[in-house]
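Below: one structure, written as structure tokens.
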């Protein structure tokens, strides 16, 4: 009798729920029994716990990562006539947020090793209309923030981190803080958390993220008191907490549900364990695939939290590998097959010169990475890639 191998999903959230069912059910029922379903004590506690963990003064919970980008840009005063430099290799929400606030996206090319923004390309893209940089910590690897913040300091620009894929990552590079004159009360950048590396950061807690809700959720983090207050008002129709039904600005309806906050608080408790497991999976892939010259592996940087494990293949080999994995019921995903500056919705904007982003889009393939994956499954996936390459 032929044994059909079990499917391998990109991430198995149903197994995660079952593995932690008692704790998750307890958290959900705690929130439900409180009678506070939007905002309230669970959300307040989640904000405080994240702020302490990341080393920032403020964490403002919102209903999605996309709203976090939009509200952070609005809070920073970015709008019509302003240019925001960002990467062409990211999820659409990154550029969508820029356009939503009326600003103009400007695309700088990426580094083909890290797949993050190339700082030299960013500096070359700065003009007198540039008001902000919007780097993305792609797939869980922090962007070159020390270099980007030096550019921002030189040109008086705001820096908003798109940290949607990198909750829990730390910046491993030793470098001076932005604008540091030697009187910085904290250590320099080495060891500081993503979310504390610019003027503000936007997080997504979409279920598949390194810290994922069981629905939509997001957050803005900052140590700027005034910015945090603006974002809090923007999330609640422009109303101040101490002046209900008084609106002296327009805002959004972007409040976080208490149930999602309760789930996220619970998952925050086992985040470090899950990060270690993700890294173990990544190291397992590296051990098997490193000898295949046609496979370009993601760097095993100490600050990488591996939201995705994304390899690059010769473009001629990629369809064959993708089809072979699918035939064996092994999930794989191409993040992202079309750069942002080539999307139809961006047809009216300057696409810039980004050959590395175009090359990456033609070569990337993400393999399953799940904190609960066992070594045998890692071996199976890696072996399938090698077999497909012949």
> Is there any pair with a first residue in the range 261-280 that is on the phi > 0 side of the Ramachandran plot and part of a helix (DSSP H, G or I) and a second that is surrounded by 18 or more Cβ atoms within 10 Å (Cβ to Cβ) and modelled with pLDDT of 95 or more whose Cβ atoms are under 7 Å apart and which are 6 or more apart or on different chains, and what are they?
Replying inline: none
>> Quick test of your reading of the structure: residue 27 fulfils all but one of (1) part of a helix (DSSP H, G or I); (2) closer than 25 Å to residue 222 by Cα. Name the failing condition by number.
In response: (2)
> Residues of the range 157-183 being surrounded by fewer than 24 Cβ atoms within 10 Å (Cβ to Cβ) and modelled with pLDDT of 95 or more, which ones?
Replying inline: 157, 158, 159, 168
>> Quick check on my filter: what residues within the range 215-249 are under 22 Å from residue 275 (Cα atoms) and either free of Cβ contacts under 8 Å to residues at least 12 places away in the same chain or surrounded by fewer than 18 Cβ atoms within 10 Å (Cβ to Cβ) (or both)?
In response: 215
> Taking the condition surrounded by fewer than 21 Cβ atoms within 10 Å (Cβ to Cβ), over 18 Å from the mean Cα position of the chain (by Cα) and not assigned by TED's automatic domain parsing to the domain that holds residue 137, does residue 283 pass?
Replying inline: yes
> Can you name the number of the only condition in (1) at negative phi; (2) surrounded by 14 or more Cβ atoms within 10 Å (Cβ to Cβ) that residue 55 fails?
Replying inline: (1)
> Consider residue 274 against the criteria (1) assigned by TED's automatic domain parsing to the domain that holds residue 19; (2) under 18 Å from residue 213 (Cβ atoms): it satisfies all of them except one. Which criterion is unmet?
Replying inline: (1)
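Results for (1) at pLDDT 95 or above; (2) part of a helix (DSSP H, G or I), shown as yes or no for each residue.
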| residue | (1), (2) |
| --- | --- |
| 4 | no, no |
| 60 | yes, no |
| 67 | yes, yes |
| 73 | yes, yes |
| 91 | yes, no |
> Across the range 98-120, which residue is surrounded by the most Cβ atoms within 10 Å (Cβ to Cβ) among those that are out of contact with any helix residue (DSSP H, G or I) (no Cβ under 6 Å at 6 or more places or on another chain) and over 19 Å from residue 312 (Cβ atoms)?
Replying inline: 98
>> Please go through (1) modelled with pLDDT of 95 or more; (2) over 23 Å from residue 5 (Cα atoms); (3) in contact with a strand residue (DSSP E or B) (Cβ under 6 Å, 6 or more places away or on another chain) for residue 340 and return the number of the only condition it doesn't satisfy.
In response: (3)
> So which helices (runs of 4 or more DSSP H) stay within the range 316-390 end to end and still have 2 or more residues that are without any contact (Cβ under 8 Å) to a residue 24 or more places away in the chain and outside the structural domain of residue 81 (by TED's automatic domain parsing)?
Replying inline: 318-327
> Just wondering, is there one or more residues in the range 85-95 that are more than 18 Å from residue 346 (Cβ to Cβ) and either surrounded by fewer than 21 Cβ atoms within 10 Å (Cβ to Cβ) or outside the structural domain of residue 211 (by TED's automatic domain parsing) (or both)?
Replying inline: no
>> Quick check on my filter: what residues within the range 14-52 are within 29 Å of residue 193 (Cα to Cα), surrounded by fewer than 17 Cβ atoms within 10 Å (Cβ to Cβ) and in contact with a strand residue (DSSP E or B) (Cβ under 7 Å, 6 or more places away or on another chain)?
In response: 38
> Take the residues of the range 303-315 that are in contact with a strand residue (DSSP E or B) (Cβ under 8 Å, 6 or more places away or on another chain) and in a loop (DSSP other than H, G, I, E, B): which is surrounded by the most Cβ atoms within 10 Å (Cβ to Cβ)?
Replying inline: 308
> So how many residues does the range 87-116 have that are within 20 Å of residue 356 (Cα to Cα) and free of Cβ contacts under 8 Å to residues at least 60 places away in the same chain?
Replying inline: 1
> Since residue 116 meets every condition but one in (1) over 15 Å from residue 159 (Cβ atoms); (2) under 13 Å from the mean Cα position of the chain (by Cα), which condition does it not meet?
Replying inline: (1)
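The values are calculated or read from the model by the stated rules, or taken from the named source; none is laboratory data. Since the structure is predicted, the reported quantities are computational estimates derived from the model, not experimental observations. No Cβ is skipped: glycine too gets one built from the backbone with ideal geometry, and neighbour counts run over all protein chains shown.
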